[in-house]
Amino acid sequence: MKFIVDAHLPKKLSLLLSWKGYDSLHTLDLPNSNRTKDSEINQISLNEKRVLISKDLDFIESLLISDKPYKLIYIATGNIPNKQLLEIFGQNVEKIVKYLEDNRLIEITGDSIIIKG
């Protein structure tokens, strides 16, 4: 599975996913870095079949209205330390990937993974 991690999330999340064996990019890896427009991120997600990981609510709206991005993991943890976010992913990445096989939208909160469809 391929991922693209949005600007509001730490580069370490992308590195963790790579370390776990997944193809992962962070917006910092793109030519326009964290200034990459949402429309460009959506297009990369679609073209490369990358699951977008973001805290940006605009991507939920885009997915529901325009079918972009390819798939989305919405982070709804609020402002938690990066270490805690990395622990959530480190402990649950296999489960998250499994859920993404049949679903396009997953929400991650501080204590749960919610399949939205």
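Annotation: of all residues in the range 76-117 being farther than 15 Å from residue 6 by Cα and touching an Asp or Glu at 6+ places or on another chain (Cβ under 7 Å), the one that is most open to solvent (accessible area, probe 1.4 Å) is 116. Return the total of residues in the range 53-75 being polar (S, T, N, Q) and either buried (at least 19 other Cβ atoms within 10 Å of the Cβ) or closer than 16 Å to residue 36 by Cα (or both). Residues meeting the conditions: 2. Answer yes or no: is there a residue in the range 106-113 that is assigned to a loop (DSSP other than H, G, I, E, B) and over 19 Å from residue 8 (Cα atoms). Yes; the residues of the range 106-113 include at least one that is assigned to a loop (DSSP other than H, G, I, E, B) and over 19 Å from residue 8 (Cα atoms). Look at the range 85-111: where a residue is free of Cβ contacts under 8 Å to residues at least 40 places away in the same chain and a partner is of a type outside the set (Gly, Ala, Ser) and open to solvent by 90 Å² or more (accessible area, probe 1.4 Å), sitting 6+ places away or on another chain with Cβ atoms under 6 Å, you get 107/116.
Among residues of the range 39-65 that are at pLDDT 95 or above, those with a Cβ under 6 angstrom from a residue that is among the hydroxyl-bearing types (Ser, Thr, Tyr), sequence gap 6+ or separate chain, pair up as 45/70; 46/70; 49/70; 52/45; 60/74.
From the set of residues in the range 1-30 that are open to solvent by 70 Å² or more (accessible area, probe 1.4 Å) and under 19 Å from residue 80 (Cβ atoms), which is nearest to the chain's Cα centre (by Cα)? Step by step, filter the range 1-30, then rank; the result is 8.
Here's the yes/no breakdown for (1) in contact with a strand residue (DSSP E or B) (Cβ under 6 Å, 6 or more places away or on another chain); (2) within 17 Å of residue 114 (Cβ to Cβ):
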{"position": "1", "(1), (2)": "no, no"}
{"position": "8", "(1), (2)": "no, no"}
{"position": "26", "(1), (2)": "yes, no"}
{"position": "31", "(1), (2)": "no, no"}
{"position": "42", "(1), (2)": "no, no"}
{"position": "46", "(1), (2)": "no, no"}
{"position": "52", "(1), (2)": "yes, yes"}
{"position": "71", "(1), (2)": "yes, yes"}
{"position": "90", "(1), (2)": "no, no"}
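The values are calculated or read from the model by the stated rules, or taken from the named source; none is laboratory data. Note that the structure is a prediction, hence the values are computed from the model and not measured. With ideal geometry, Cβ positions are generated from the backbone for all residues, glycine too; neighbour counts draw on all protein chains shown. Accessible surface is based on the protein model in full, side chains and every heavy atom, while ligands, DNA and RNA are left aside. Shrake-Rupley method; radii C 1.70, N 1.55, O 1.52, S 1.80 Å.
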